[in-house]
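These notes are about the structure you will find just below.
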Amino acid sequence: MYEFQVRDMTCGHCSSAITAAVKSVDPTAEVKVDLNAHLVQVSSASIGPGQIAKAIESAGYTPTRSPDANSAAATSPPQRATGSCCGRCR
């Protein structure tokens, strides 16, 4: 499983967009999103972390590979966008 911190992921729209982007490069990938921790976990047998990161970037987000999500979340407070969501929701 590959884990990414995505600090600019702030709402359900962001989660859906990231999930769709990853699934566009691997439809069988399992994508788990934790909005509160700004964490995306991806299990894939056919793509690696570089391809996953590029897919997330293509959706307009900034992934950072997280080798240990628990320590990363504990040491860095989440950065929220101004307002309650990414501004893409309507």
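Note on residue 35 and residue 62: their simple-model spin labels are 2.1 nm apart, each label 7 Å out from Cα toward Cβ.
Packing here is the average count of other Cβ atoms within 10 Å per residue, and on that basis the peptides 45-57, 12-24, highest first, run 12-24, 45-57.
Computed 3J(HN,Hα) for segment 11-26, one whole-Hz value per residue from the Karplus formula 6.51 cos²θ - 1.76 cosθ + 1.60 where θ = phi - 60°, is 8, x, 4, 4, 4, 5, 5, 5, 4, 5, 5, 5, 5, 5, 9, 8, glycine and proline marked x. Note that segment 2-70 carries a Kirkwood radius of 11.5 Å, evaluated over its alpha carbons pair by pair.
No lab work stands behind these numbers, since they all come straight from the coordinates. What you are looking at is a predicted structure, and each value in this text was computed from that prediction instead of being measured. Positions of Cβ are generated from backbone atoms using ideal geometry, with glycine treated the same way; all protein chains shown enter the neighbour counts.
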